[in-house]
1. How many residues are closer than 15 Å to B:A615 by Cα and either away from chain A (no Cβ under 14 Å) or in a strand (DSSP E or B) (or both) when one looks only at region B:653-690?
2. For the list (1) touching a Leu at 6+ places or on another chain (Cβ under 8 Å); (2) surrounded by fewer than 20 Cβ atoms within 10 Å (Cβ to Cβ); (3) among the hydroxyl-bearing types (S, T, Y), I need the number of the one condition that B:Y254 fails.
3. Quick one: B:Q687 ticks every box in (1) surrounded by fewer than 19 Cβ atoms within 10 Å (Cβ to Cβ); (2) modelled with pLDDT under 90 bar one, so which box is it?
4. Can you pull out every residue in region A:56-83 that is free of Cβ contacts under 8 Å to residues at least 12 places away in the same chain and surrounded by 18 or more Cβ atoms within 10 Å (Cβ to Cβ)?
5. Can you confirm whether region B:582-593 contains a residue that is hydrophobic (A, V, I, L, M, F, W, C), crowded, with 21+ Cβ neighbours inside 10 Å and within 14 Å of chain A (Cβ to nearest Cβ)?
6. Which is within 14 Å of chain A (Cβ to nearest Cβ), at pLDDT 90 or above, over 60 Å from the mean Cα position of the chain (by Cα) and surrounded by 19 or more Cβ atoms within 10 Å (Cβ to Cβ), of B:N607, B:N622, B:N701?
7. Being in contact (Cβ under 8 Å) with a residue 24 or more places away in the chain and small (G, A, S) narrows it down to one residue among B:A249, B:A276, B:A304; which is it?
Amino acid sequence: MNINIDNSNGVTTANLEGRLDTPASTEVAPCFEQLKEAAGGTVVLDCSKLSYISSSGLRLFLALRKETSVKGGKVIVRNISDNIRQVFMMTGFLNMFEIQ
Amino acid sequence: MNNTTDRSEKKILGMSIGAGLLLVIVAIATLEATGILQYVYTQRAIKKEATERAESELRGVNHRIMDVVNQAEGAVINNMWVAQWCLDNTDNLKLVPQRVLEVNPSVVGSTIALMPGYSKQHPLYAPYATRDIETGEIKNLSLATEEYDYPSQEWFVMPQTVQDGYWSEPYFDEGGGNMMMSTFAMPVKDSKDNIAAVFTADISLDWLAELMENSKPYPNAFCAVTSRNGQLMVCTDSARFMADTAGDASMLRYSAPVKRTGWTLTITIPEDDILAGVRHVGLMVKILQILGIIMIIIILRVIAKNQIKYKNLSAQKEVMQNELRIGHDIQMSMIPKTFPAFPKRTDIDIAACIIPTKEVGGDLYDFYIRDEKLFFCIGDVSGKGVPAALVMTVTQSLFRATSGRESSPAKIVSAMNDSMSEKNENSMFVTFFCGVLDLLTGQLRYCNAGHNPPVLIANNPQSDNQQTTVTPLSVQSNVPLGIVPAFAFKEQQITLNYDDSLFLYTDGITEAENAALDQFGEDRMMAPFHKKHDASGYLDAIRTAVTDFVVDAPQSDDLTVFVIHFLAQVDSIKQERHLILHNDIQQIPQLADFMETISNEKQLSQNDTMSLNLALEEAVTNIILYAYPKGADGLVDIEAVLREHSIEFIITDSGVPFDPTTVPEIDVTLPAEERSIGGLGIYLVRQIMDSVHYQRLDNKNILTMLKNV
């Protein structure tokens, strides 16, 4: 699991790559802490290379989303696969994020 | 209830206490009235008899008196002509009284007293003859003495006045006989029809006393003769005669006049004397009556007591029957009776019923689904009534308790048998059949404890006309429950196919008798199963068959029928895969490889693979994070069962008991700000899998999840 964070034009973009399962979520938790610092602005989670997500990964997404609510920013989830879209649908996450 | 009891207690022979008392009173009154009536009539008859006796005595006495009276009168009248003839010759005249005495022994004295001055020689002349009582010698005396002054005597005056014969008042003669006397006096007329003298004859009344004494009709009666003036002449008991007053009702008085003399005869009888007999009889009757009444009361009391005892018994019986009815209702309420039993399931259809006799029975059946397995049983307790009913409830409770932790029918039956034979002092036993049907596979494991073999109704897919193959299930009979402790029950197994049915019953069916005492039997029982029905259809068919056979004959035993219709499209196992993980979160990626293998074998879509991976990861993560204490080593056993149309994961751990299926649902419609962080994992498992079951068995958590693919 890899996350590359890119900051340009006031938009923080995180490129997620690989399987965001439970151990991976623990692994990438610091990255998400880093993203929370940019929660006052726009945070883009690019999921084009994310092949799998479990509830622990979803929790990271949710925590970030809550942070933007506090700081007045927003989270954009971009390029999710059909499989992950289905998980988002099941869990109500589709309505919580701006999906592109 | 108590009211009726009280009411019935107060009844004797169907009557109320009041009516019973009335009966006693009427009986007593009737007896009493009979007694009184008898007494009155007897008294009347006895009084009549007494009257007759008294009157007869009076007549007798009267006759005797008249004899004497007639003699005296006769003596005077017969010698009248002699007296008239001798009037002028006083010497001859004095011989007349003497002659009267000589001829008439009843006459004790006689005189012919001349009217004063009638004789020239004797201014007063009254020759008197008297009889000496002791010697009988006749003495000639004269009454013409100065002291006596006969012309003023009643006997001399009255005949002249009445111009006829006259009986004097009785008097005590001191001179002559020293006795009570009465005198008949008659005027003697001369040739010129003038009264020249008075001719008398005296009679003693002493004999009257004796006569009276002999004429007493009753010992305490007394007789009396009274004169014209009411003077007592003779009386057998003068003191009582004097004391007797007309108003005294206790005395009965009878009287008769003595002709010509002016005397009256009286017999006085004390009523006590007359009625002594009848009163004696009356007393005896009364004593007997009282004894009779006492007897009646005693008998009624005894009857009443018995009646009350009987009533109490029947009241108790009613209470008992009521309790039996309640017992029966409770019993029946323990048995699943709502059909269809599993309306949401398409893989199983059940119909069952107990047709009970009037009392509580010893038949039972039960079924329920646990872990996609149908646990079912049927049983028949030996004997009838309350003991059987109690054993039945115990049996059913044991089945529920035992089958909750055991899935092997032999283990269930063995455990039940051990419990039941442990304290079976009454030697009650239960024939019992227990089955566990795996609804996913059709595998039926069963164990029989001496019960009638169930009937297998196999669907024949090749048959166009809905024919079935009906055979008794092959069973080892083993022994009934409760007889041999620690008996090693043998378990058997077959596989049911789609649309097969199993018919279970108790011997109330096969032993149902018609009026001719023929038994219904197994052949008649199996006949309706040759045509295909659903579960309730089989039940109706067998009930109709039994009813048509038995008609009106009374049912002697509980009838229980129980039909299981298996409708699952059996998904046979293709493959099984096994994975064991340590409770280390770093092992989670192994699940992806495990799923990859399965996916390849089952040729699953990428979507299904990911979903199953996700569900599996969430379930396993939960165990790894929470089942074991921190730092303790533990295992997670994952078994994947791959079938034609489904994949099943059986995840087992030895950690602390935890049932994830009880975790509350999260609300996924809430906005992000209100969403909680937890609960997503279990939620996803539920969303992805088609069924999720948890059980705690042998200190293990077993989570079974199935997804149709």
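1. Looking only at region B:653-690, we keep the residues that are closer than 15 Å to B:A615 by Cα, and these are B:660-661, B:679-690.
After this cut, where a residue has to be either away from chain A (no Cβ under 14 Å) or in a strand (DSSP E or B) (or both) as well, the list is B:661, B:690.
The number of residues fulfilling the criteria is 2.
2. Of the numbered conditions (1) touching a Leu at 6+ places or on another chain (Cβ under 8 Å); (2) surrounded by fewer than 20 Cβ atoms within 10 Å (Cβ to Cβ); (3) among the hydroxyl-bearing types (S, T, Y), the odd one out for B:Y254 is (2).
3. (2)
4. Here is the first cut: in region A:56-83, the ones free of Cβ contacts under 8 Å to residues at least 12 places away in the same chain are A:66, A:69, A:82.
Across region A:56-83, the qualifying residue is only A:K66.
5. Restricting attention to region B:582-593, the residues satisfying the condition of being hydrophobic (A, V, I, L, M, F, W, C) are B:585, B:588, B:591-592.
So of that shortlist, the ones also crowded, with 21+ Cβ neighbours inside 10 Å come out as B:588, B:591.
From what's left, within 14 Å of chain A (Cβ to nearest Cβ): B:588, B:591.
Yes: one or more hits.
6. Criteria check complete, one pass: B:N622.
7. Details: B:A249 fails: in contact (Cβ under 8 Å) with a residue 24 or more places away in the chain; B:A276 fails: in contact (Cβ under 8 Å) with a residue 24 or more places away in the chain.
Sole residue among the options that is in contact (Cβ under 8 Å) with a residue 24 or more places away in the chain and small (G, A, S): B:A304.
Okay, residues lined up against (1) without any contact (Cβ under 8 Å) to a residue 60 or more places away in the chain; (2) assigned to a strand (DSSP E or B); (3) farther than 26 Å from B:I494 by Cα:
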{"position": "B:F367", "(1), (2), (3)": "no, yes, no"}
{"position": "B:G379", "(1), (2), (3)": "no, yes, no"}
{"position": "B:A389", "(1), (2), (3)": "no, no, yes"}
{"position": "B:T402", "(1), (2), (3)": "yes, no, no"}
{"position": "B:F433", "(1), (2), (3)": "no, yes, no"}
{"position": "B:L437", "(1), (2), (3)": "no, yes, no"}
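The values are calculated or read from the model by the stated rules, or taken from the named source; none is laboratory data. Predicted model, so just to flag it, every value in this text is computed and none were measured. Quick reminder, even Gly has a Cβ in these numbers, built from the backbone with ideal geometry, and neighbours come from all protein chains shown.
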